[in-house]
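Working notes, beginning with the structure itself.
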Amino acid sequence: MTDPRHATTPADAPSGGCPAHAGAVPLYGPRFLRNPSELYREMRQEHGSVVPVVIEGDIPAWFVIDYREVRHVLSNPDVFARDSRRWNEWDNIPLDWPLMPFVGYQPSTLFTEGDEHRRRAGAISDGLFAVDQFDLRNQSERIADDLIDTFVAAGEVDLMAQFAHPLPLLAVAKIFGLPEAETPGLLRDMMTTVNGDEGALEAYQGICATMQRLVAHKREQPGPDFVTRVLNHPAGLTEDELISDLVLVMTAAQQPMAYWIGNTVRLMLTDDRFSMNISGGRRSVGQALNEVLWEDTPTQNYLGRWAARPVQLGGQQIDTGDLLVLGLAAANSDPQVRPVSEAAAGNQAMMSFSYGEHRCPIPAPELAEVICQTAVEVLLDRLPDIRPAVNVEDLKWSPSVWMRGLVSLPVSFTPSYVSV
Ligand code: HEM
């Protein structure tokens, strides 16, 4: 990866300087993790819609927490831009800063702006639009069945490790047309990367190498898959652009879907409104998925946007190069727009997929829903008496301010036989 502290900056990047953040709220630590919604409420009362915060390492940033304000930021990419090289804090950021994977500049679509972003994001969207959702559902059913077969006889399992984490990658591998022999290695590398385990850097390089081999393979043997479509797209992506965007799509899809599945199963197993229907399962899976996006979205807080010029926002003076953290979960809980819980069932205006030019590419949330809904439905069909194997209070959320998902989800059920 390029050293982002010394990367070539856009022409209008600032020379430095940060806002006065006296009294800034730490966006980390146990208090934040215990009850973020309560903290958002307090922040709103004390600071309004844009809160001066410090993130890991006491680095200053602005935390945008009102729905309308978040939408405003996302709707104005010329002012609130995406290229992290604009940041006026780079001189204070060590190379091993834990949040570097989110903000360190990479030549992927993620950090492009304007026409360049439209060219590259267009290729991704077009490639995803052509995915046959009927076929994806069938593939996802098969993947879910195969995973359940590996533990169905045991009567107990950690659903996060053995179902929710591997399933999204296996489904996306099908969308990519990845040869089966490559799947176990990619799965291993992806798990090491997203968990930040020892060897994460090598694992990330392993993902890149797999994508390189895949592109070479698709040049020789094109197929009816996403990679072949992006490869032949009129946007004419270079080899480097292609590889970094394939890695981006793989990694962007993985953890949010794993947590969406896990958070949904948790809700259905622990909330009477859903568990009443559990033997039928199917009636309420869609509602549970939607409720999770409002209440426990996997994508809680997002890094970020960088001010392209001085601007007023929510009564705060934002300077050129300041970092804005998007409070997606806080926006979802904004009392001004928040539908009451029951109404949330059909309302999809949540910020969980973000908004505007850089939002999660339009067909991706639909594909994610097909994959995650199928996964949960198959699980409830196959294990009709599935129940948590620990007290609800003992289920641990991953200690992250950025993503919300369970560390593990131990469940038990009546053992049975593998599917035929
Ligand atoms: C639960 C499922 C998912 C959630 C909650 C989610 C959420 C998000 C969010 C919040 C962003 C950031 C947008 C921004 O910067 O404003 C994003 C970007 C992105 N997502 Fe997703 N996502 C999900 C699934 C997927 C899937 C299945 C794919 C692909 C198959 C995908 C591909 C991408 C890509 C490529 C981007 C970068 C877009 C850009 O910067 O132009 N996501 N997603």
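Every residue, every condition in (1) modelled with pLDDT of 95 or more; (2) away from the ligand (no atom under 13 Å from the Cβ); (3) touching a His at 6+ places or on another chain (Cβ under 8 Å); (4) of a type in the set (Asp, Glu), yes or no:
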{"position": "Glu56", "(1), (2), (3), (4)": "no, yes, no, yes"}
{"position": "Phe80", "(1), (2), (3), (4)": "yes, no, no, no"}
{"position": "Asp83", "(1), (2), (3), (4)": "yes, no, no, yes"}
{"position": "Asn88", "(1), (2), (3), (4)": "yes, yes, no, no"}
{"position": "Pro98", "(1), (2), (3), (4)": "no, yes, no, no"}
{"position": "Asp115", "(1), (2), (3), (4)": "yes, yes, no, yes"}
{"position": "Arg118", "(1), (2), (3), (4)": "yes, no, no, no"}
{"position": "Gln139", "(1), (2), (3), (4)": "yes, yes, no, no"}
{"position": "Ala154", "(1), (2), (3), (4)": "yes, yes, no, no"}
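Checking each residue in region 92-134 for being open to solvent by less than 60 Å² (accessible area, probe 1.4 Å), aromatic (Phe, Trp, Tyr) and in contact (Cβ under 8 Å) with a residue 60 or more places away in the chain picks out only Tyr105.
What's the number of the condition Val50 fails, among (1) β-branched (Val, Ile, Thr); (2) in contact with a Lys or Arg (Cβ under 9 Å, 6 or more places away or on another chain); (3) more than 30 Å from Gln373 (Cα to Cα); (4) surrounded by 20 or more Cβ atoms within 10 Å (Cβ to Cβ)? The single condition Val50 does not satisfy is (2). Taking the listed residues Gly236, Gly185, the one that is surrounded by fewer than 18 Cβ atoms within 10 Å (Cβ to Cβ) and closer than 18 Å to Thr109 by Cα is Gly236, with no other qualifying.
Tallying residues that are more than 23 Å from Arg266 (Cα to Cα), aliphatic (A, V, I, L, M) and without any contact (Cβ under 8 Å) to a residue 24 or more places away in the chain within region 135-185 yields 2. Residues considered: Thr297, Thr320, Thr251. Of these, the only one that is part of a loop (DSSP other than H, G, I, E, B), within 16 Å of the ligand (Cβ to nearest atom) and not hydrophobic (A, V, I, L, M, F, W, C) is Thr297. Scanning for something closer than 22 Å to Asp126 by Cβ and free of Cβ contacts under 8 Å to residues at least 40 places away in the same chain, does region 241-259 turn up at least one residue? The answer is yes, given that some residue of region 241-259 is closer than 22 Å to Asp126 by Cβ and free of Cβ contacts under 8 Å to residues at least 40 places away in the same chain.
The values are calculated or read from the model by the stated rules, or taken from the named source; none is laboratory data. None of these values were measured; they are calculated from a predicted model. Virtual Cβ from ideal backbone geometry, glycine too; neighbours counted across all protein chains shown. Please note that ligands, DNA and RNA were not included when accessible areas were found on the heavy atoms of the full protein model with its side chains. Shrake-Rupley method; radii C 1.70, N 1.55, O 1.52, S 1.80 Å.
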